[in-house]
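Trainee: Here it is, the structure in full.
The values are calculated or read from the model by the stated rules, or taken from the named source; none is laboratory data. Quick caveat: nothing in here was measured; it's all calculated off a predicted structure. Note: ideal-geometry Cβ built from the backbone for every residue, glycine included; neighbour counts use all protein chains shown.
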Amino acid sequence: MSDLIQSPLAEIHRSLGAKFAEFGGFEMPLEYTGVVSEHTAVRTSAGIFDVSHLGTFLVEGEGAAAWLNTRLSNDLNRISPGQAQYTLLLNDHGGVVDDMIAYLFSPEKVMVIPNAANSDEVIRRLRTGAPEALVWTDRHTADAILAIQGPVSPQILGEAGLPMDMDYMHFRVADLELGGVPVTMTVCRTGYTGEHGYEIVVPAEHAVPLWNLLTSSGPLQPCGLGARDTLRTEMGYPLHGNDLSQTVSPVEARLIWAVGWGKDHFDGDEAVRAQRLDGAPRTLLGIRACGRAIPRHGMAVSDLDGTLVGDVTSGTFSPTLKQGIGLALVPSAFRAGGQVLVDIRGRSELFDLVKPPFVPSRVTDL
């Protein structure tokens with residue numbers, strides 16, 4: 001993996017015995033003590049994730065938010081400075097180029113965090129045709145991002161001297177002394193686990209002392225991307241490249257709440273407006289095993305007569321439910337409460353169709 005980009009926390013991960021995997025061009029920790037134990041720590045206490053592979057860029061200048069609002073699917077006018085918003089960048093056919101979080105600092109400054117593999121393409125598309133006065137700063141490797149997730153996360157941030165008393169999808173800029181050096185960072189009440197949690201954007205050169213401070217401030221289990229995937233699947237959160245892609249629209253992915261339908265224009269709006277009016281041919285639903293089968297991405301889905309109807313887009317073993325769960329694109333006529341068959345290595349296994357999440361969301365608990 002010598003050609004992969006290294007996280008600024010790579011040496012810490014190695015010292016903790018992490019197993020690594022490639023993700024979006026980065027070498028990232030997959031697990032430390034095991035996916036199930038790390039998953040359980042987040043659900044019951046707290047875990048810390050290095051998600052520095054995620055993209056980070058700033059758009060600044062007069063009309064920055066207004067310009068992004070003509071391109072991104074959601075409506076930035078729905079939020080105020082200090083708030084964050086889940087949003088999408090669509091192609092002309094209504095497919096999802098990427099999903100991301102936009103952080104509104106002011107009408108003149110927005111921070112955007114897209115997925116690692118799509119960051120360059122998102123910036124390229126959004127800059128095309130943009131007013132020349134706007135300043136674009138790509139901080140993909142200049143910043144690190146740490147996610148602290150779980151019911152004990154507020155106490156850990158408080159002990160570390162960081163702001164923790166804020167509503168979900170809000171953020172604050174914080175100043176903290178690390179190793180005798182004052183450091184400015186952004187603390188966000190966001191996450192990808194379904195638990196009360198935070199994501200901290202910090203200059204990469206200060207990531208190690210911040211990690212050390214947080215892990216010394218309370219019971220905090222280092223967690224890899226394996227547990228991040230099982231946690232997000234239990235919540236039914238989509239992963240771009242699996243459940244979302246340039247051939248899957250927000251209408252099909254049940255993300256119409258992330259579209260500002262009242263806006264005059266956004267990329268791909270004609271296609272998704274037509275699809276919303278006419279109906280999408282397929283829909284993303286949860287699947288839950290009736291037996292011991294575990295679904296995996298790409299497995300075929302059939303109706304009860306054995307007719308092929310779709311594919312599993314995400315699948316895993318749920319450590320919380322102790323059964324196989326996943327997401328699947330199936331015909332839009334299918335509804336939660338029905339059943340399908342999934343081809344598990346040549347065996348047809350019965351699954352219930354359900355509406356995610358598979359476990360209750362606790363992002364606003366505490």
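Trainee: Which condition from (1) touching a strand residue (DSSP E or B) at 6+ places or on another chain (Cβ under 6 Å); (2) not in a loop (DSSP other than H, G, I, E, B) is the one that Arg125 breaks?
Mentor: The number of the failed condition is (1).
Trainee: Give me the pairs, please: first residue somewhere in the range 325-337 and within 14 Å of Phe351 (Cα to Cα), second residue anywhere and small (Gly, Ala, Ser) and outside any strand (DSSP E or B), beta-carbon distance under 8 Å, and either six or more positions apart or on two chains.
Mentor: Final answer for the pair search is Leu327/Gly236.
Trainee: Now for a separate question. Looking only at the range 80-93, count how many residues are within 24 Å of His240 (Cα to Cα) and surrounded by 15 or more Cβ atoms within 10 Å (Cβ to Cβ).
Mentor: So the answer is 9.
Residue-by-condition table, conditions (1) over 17 Å from the mean Cα position of the chain (by Cα); (2) surrounded by fewer than 17 Cβ atoms within 10 Å (Cβ to Cβ):
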| site | (1), (2) |
| --- | --- |
| Ala142 | yes, yes |
| Glu177 | yes, yes |
| Tyr192 | no, no |
| Glu199 | no, no |
| Val202 | yes, no |
| Cys223 | no, no |
| Gly226 | no, no |
| Leu244 | no, no |
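Trainee: What do you reckon, is His13 touching a strand residue (DSSP E or B) at 6+ places or on another chain (Cβ under 7 Å) and assigned to a loop (DSSP other than H, G, I, E, B)? I'd like the intermediate steps shown before the answer.
Mentor: Working: touching a strand residue (DSSP E or B) at 6+ places or on another chain (Cβ under 7 Å): yes; assigned to a loop (DSSP other than H, G, I, E, B): no.
No: the conditions fail for His13.
Trainee: In the range 279-314, which residue that is among the polar types (S, T, N, Q) and in contact with a strand residue (DSSP E or B) (Cβ under 8 Å, 6 or more places away or on another chain) is farthest from Gly346 (Cα to Cα)? I'd like the intermediate steps shown before the answer.
Mentor: Just the residues of the range 279-314 that are among the polar types (S, T, N, Q), to begin with: 283, 302, 307, 313-314.
Next, only the ones that are in contact with a strand residue (DSSP E or B) (Cβ under 8 Å, 6 or more places away or on another chain) stay: 283, 302, 313-314.
Values: Thr283: 25, Ser302: 13, Thr313: 18, Ser314: 18 Å.
Only one residue fits best here, namely Thr283.
Trainee: Mind listing whichever residues of the range 318-348 are in a strand (DSSP E or B), surrounded by fewer than 20 Cβ atoms within 10 Å (Cβ to Cβ) and in contact with a strand residue (DSSP E or B) (Cβ under 9 Å, 6 or more places away or on another chain)? Can you show your working first?
Mentor: In the first step, residues of the range 318-348 are kept if they are in a strand (DSSP E or B); the result is 318, 323-331, 339-344, 347-348.
Among the residues that remain, those that are also surrounded by fewer than 20 Cβ atoms within 10 Å (Cβ to Cβ) are: 323, 331, 339, 343, 347-348.
Of everything in the range 318-348, those that are in a strand (DSSP E or B), surrounded by fewer than 20 Cβ atoms within 10 Å (Cβ to Cβ) and in contact with a strand residue (DSSP E or B) (Cβ under 9 Å, 6 or more places away or on another chain) turn out to be Gln323, Pro331, Gln339, Asp343, Ser348.
Trainee: Here's something else I'd like to know. Determine, yes or no, whether Leu284 is free of Cβ contacts under 8 Å to residues at least 60 places away in the same chain, assigned to a strand (DSSP E or B), touching an Asp or Glu at 6+ places or on another chain (Cβ under 8 Å) and crowded, with 21+ Cβ neighbours inside 10 Å.
Mentor: When the stated conditions are applied, Leu284 passes them.
Trainee: Could you tell me whether the range 21-36 includes any residue that is assigned to a strand (DSSP E or B), at pLDDT below 95 and either under 22 Å from His196 (Cα atoms) or within 19 Å of the chain's Cα centre (by Cα) (or both)?
Mentor: As a first pass, look at the range 21-36 and keep what is assigned to a strand (DSSP E or B): 21-23, 26-31.
Still in the list and also at pLDDT below 95: 23.
Now drop any that are not either under 22 Å from His196 (Cα atoms) or within 19 Å of the chain's Cα centre (by Cα) (or both), which leaves 23.
The answer is yes, given that some residue of the range 21-36 is assigned to a strand (DSSP E or B), at pLDDT below 95 and either under 22 Å from His196 (Cα atoms) or within 19 Å of the chain's Cα centre (by Cα) (or both).
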